[in-house]
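The values are calculated or read from the model by the stated rules, or taken from the named source; none is laboratory data. Everything quoted here is computed from the prediction, not taken from an experiment. Glycine also receives a Cβ, built like all others from the backbone with ideal geometry; neighbour counts cover every protein chain displayed. Each accessible area value is taken on the protein alone, full model and side chains, heavy atoms only, with ligands, DNA and RNA left out. Shrake-Rupley method; radii C 1.70, N 1.55, O 1.52, S 1.80 Å.
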Amino acid sequence: MCGITGIMVFNEDGKQYLPKIAAATDCLIARGPDGKGIYNHNQVALGHRRLSIIDTTSAASQPFTDASNRYTIVFNGEIFNYKELRKQLENKGIQFKSESDTEVLLYLYIFEKEKCLEKLDGEFAFVVYDTQDQQFFIARDRFGIKPLYYYQDGTKFIFASEMKALMAFEIPKKIDRSSLQLYLHLNYIPSPYSIFENVHKLNAATFLKINKLGQITKKKYYTISNSIVSVDYATAQKKLKQLLEESVQQRMIADVPIGSFLSGGIDSSIITAIAAQQKDNLNTFSIGYKDEPLFDETSYALLVAKMYHTNHHVFQLTNNDLFGCLHQVLDYIDEPFADSSALALNILSMHTKKHVKVALSGDGADELFAGYNKHAAEFKVRENGFRASLVKSSLPFLKQLPKSRNSKAGNKIRQLQKFAEGMNLPAPERYWQWAGFTKNVEVDNLLLKPLTAYEDIKKELIKNINSDYNSTLLKDVQMVLEGDMLVKVDRMSMSRSLEVRVPFLDHKIVDFAFSLPLDYKIDNGQQKRILKDAFKSSIPGELYHRKKQGFEVPLLKWFKTDLKSMITDDLLSDQFIESQNLFDLQKIRNCKAQLFSKTPNDAVAKIWALIVFQYWYKKMFII
């Protein structure tokens, strides 16, 4: 993986920004510590930071220009079927000067323009500059595995892998309040929105063209197939197994050491099982939690490691370890992002990078095969059985009970109340509530001036959720996976210069998953049914009936000890809140009071989101 950035200016006023390409490129050094390249041509500048994975020689350095000197590419990601595509291009007379997928991608674009995207199997964000047409062609992979931000005004167009590189061009920093509302509800900001006005994320499966006049055209090039195909269960299992084995095999192509994350859950265990059959002494990596045994899965990971004789590494973390990386994580993220499990992933990436340069991950399987608790809850709501109705009728009682994410009993009560409340809502509203950490009214009340635009954005985001259960899974792929899970993996791994590959997100697997009947994925007794059955003989029996195990960072403990002064005297102090003119001071006070009461409930999640935002705000506007 790499980091890319670039600028196209439209007039004389814009030319003053061209020299800033060097500083912008340097901002991405964590994404690419192995090399730096800059390209300048008239009104265009391109920057690249390299993490060398395929063809580590200088012949594959970027920005990469074709033999005619007309086209130049900067590319972040990997094209896993590049060898097959290379052969096709060689048959057309192309003589390659490197062994890289970058060069293959560039020539494929030259021959087929935007139609090249249909042939790519990979994770990518890339930009091709055409000196003749004086145009950028920009594209992002089908599911948004690799990031791409962009900004445009009357003088220039800028793009980058991360927002920190855009900031190096000194663009205006005006908070988009609707995006702030989205963040306070979801803990992240979904595409195409960002925390700043006029800064956008290029949606997954989308390409964009922009010319020297600033004229933009944008088009979606891929849509997930969502039509059920008749196939018997045994045949479907064989097909899924074949597709996933092929995907893992492709994603093990590298000229550097490669390993696999192994959490102890079903998804990473399956990926590891396949990879270990293709590579002897596969390096596998797990993290355990000494102080939080409720969330420790290392014993299950060890079962898989022993079964496949992997070179297994376990990193036992304490709460002090997690707290110790807090500032590193908050300093690295350049847009508010409050998925607290990023802390653990950051540490896992740090330790993993000491042994390998590439790691496989099981991300994506939950969204495809209904693996989350909310998926089981949605299934029960739609069935509306006796037990679901009983929980619904118990709502007044449940509201009176103490709730906590850090104990089994408290967490179960929290989940039951959330379930009962969701049963009273139509499907789109229920999806929105369960996708977030607060109720909408609580989010709106935190802000001083809630905007009606937020409601319009929300309606647009959930408009396609309907009576088809698959519509909720599809929305998770398009919103939660792209905006939260993949962002977490990309930012935390790249902050440690580690490349992570996600075999479940091969588009052939995704299309196949959405072609399956619902009961192949979830029924009354089992989630991810076909995935577990297809690989039942490949994993230890103890994993087959395990429920999904989440992980909760011990935020409440920190808020009452190490972070208390940060909350009361700094980031959420009355003085700081009043100076921002963003939040309702009394609502923030109420939230803090609830946090430090005997029943903090979901105030913990709200306070964490506020801390992350305030830390970012201070870094961006004050320090």
Worksheet entry | Failed item in (1) surrounded by 15 or more Cβ atoms within 10 Å (Cβ to Cβ); (2) farther than 26 Å from VAL612 by Cα; (3) modelled with pLDDT of 95 or more, with VAL329 passing the rest | (2)
Discussion item. Just to be sure before I move on: is ALA139 in contact (Cβ under 8 Å) with a residue 12 or more places away in the chain, among the small types (Gly, Ala, Ser) and assigned to a strand (DSSP E or B) in the structure I sent?
Written reply: yes
Fill in: In region 43-79, the residues that are of a type outside the set (D, E, K, R), part of a loop (DSSP other than H, G, I, E, B) and open to solvent by 10 Å² or more (accessible area, probe 1.4 Å)
GLN43, SER52, ILE54, THR56, THR57, SER61, GLN62, PRO63, ALA67, SER68, ASN69
Practice prompt. Please specify each residue of region 235-253 satisfying the condition of being among the aliphatic types (A, V, I, L, M) and either open to solvent by 30 Å² or more (accessible area, probe 1.4 Å) or under 11 Å from LEU360 (Cα atoms) (or both).
Written response: VAL248, MET252, ILE253
Discussion item. Can you list residue pairs whose Cβ atoms sit under 6 Å apart, with the first residue in region 209-235 being under 30 Å from LEU516 (Cα atoms) and the second being open to solvent by less than 40 Å² (accessible area, probe 1.4 Å) and basic (Lys, Arg)? Count only pairs 6 or more apart in sequence or on different chains.
Written reply: TYR222/ARG142
Discussion item. Based on this model, can you work out whether ASP291 counts as at pLDDT below 95, closer than 27 Å to THR56 by Cα and of a type outside the set (Val, Ile, Thr)?
Written reply: no
Item to complete: Report yes if some residue within region 109-118 is open to solvent by 40 Å² or more (accessible area, probe 1.4 Å), assigned to a helix (DSSP H, G or I), out of contact with any Lys or Arg (no Cβ under 6 Å at 6 or more places or on another chain) and basic (Lys, Arg); otherwise report no.
Response: yes
Worksheet item: Could you list, in sequence order, the residues of region 259-297 that are part of a strand (DSSP E or B) and open to solvent by 10 Å² or more (accessible area, probe 1.4 Å)?
Response: PHE261, ASN283, ILE287, TYR289
Discussion item. So the check is Cβ under 7 Å with 6+ separation or different chains; which pairs have a first residue in region 583-610 that's closer than 14 Å to LYS564 by Cα and a second one that's small (Gly, Ala, Ser)?
Written reply: CYS591/ALA603; GLN594/ALA603; LEU595/ALA603; TRP608/ALA338; TRP608/SER340
Fill in: Conditions (1) at pLDDT below 95; (2) more than 19 Å from the chain's Cα centre (by Cα); (3) more than 19 Å from TYR300 (Cβ to Cβ); (4) open to solvent by 40 Å² or more (accessible area, probe 1.4 Å): number failed by GLN316
(3)
Discussion item. Yes or no: region 120-129 includes at least one residue that is more than 22 Å from GLY47 (Cβ to Cβ), buried (at least 22 other Cβ atoms within 10 Å of the Cβ), within 24 Å of the chain's Cα centre (by Cα) and not aromatic (Phe, Trp, Tyr).
Written reply: yes
Fill in: All positions within region 198-208 that are part of a loop (DSSP other than H, G, I, E, B) and surrounded by 22 or more Cβ atoms within 10 Å (Cβ to Cβ)
ALA204
Worksheet item: If we keep just the residues of region 215-234 that are open to solvent by less than 70 Å² (accessible area, probe 1.4 Å) and either modelled with pLDDT under 95 or of a type in the set (Val, Ile, Thr) (or both), which is nearest to VAL477 (Cα to Cα)?
Response: ILE224
Practice prompt. Counting only residues that are crowded, with 17+ Cβ neighbours inside 10 Å and either out of contact with any helix residue (DSSP H, G or I) (no Cβ under 9 Å at 6 or more places or on another chain) or not basic (Lys, Arg) (or both), give me the helices (runs of 4 or more DSSP H) lying completely in region 496-571 with at least 2 of them.
Written response: 507-513, 529-534, 555-559
Discussion item. Among the residues that make up region 28-42, is at least one of them on the phi > 0 side of the Ramachandran plot, surrounded by 15 or more Cβ atoms within 10 Å (Cβ to Cβ), out of contact with any strand residue (DSSP E or B) (no Cβ under 7 Å at 6 or more places or on another chain) and at pLDDT below 95?
Written reply: no
Worksheet item: If only one of SER573, SER565, SER495, SER537 is among the hydroxyl-bearing types (Ser, Thr, Tyr) and touching a residue at least 60 places away in the same chain (Cβ under 8 Å), which one is it?
Response: SER495
Practice prompt. Determine the pairs where a residue that is at positive phi, located within region 349-376, has a partner that is crowded, with 22+ Cβ neighbours inside 10 Å with Cβ atoms under 6 Å apart, the partner being 6 or more residues away or on another chain.
Written response: GLY364/VAL502; GLY364/PHE504; GLY364/LEU505; ALA370/LYS521
Worksheet entry | Qualifying position, being part of a helix (DSSP H, G or I), more than 30 Å from ILE611 (Cβ to Cβ) and of a type in the set (A, V, I, L, M), among ALA165, ALA236 | ALA236
Response to the item:
The lone condition ILE195 fails out of (1) under 30 Å from ASP255 (Cα atoms); (2) among the hydrophobic types (A, V, I, L, M, F, W, C); (3) crowded, with 21+ Cβ neighbours inside 10 Å is (1)
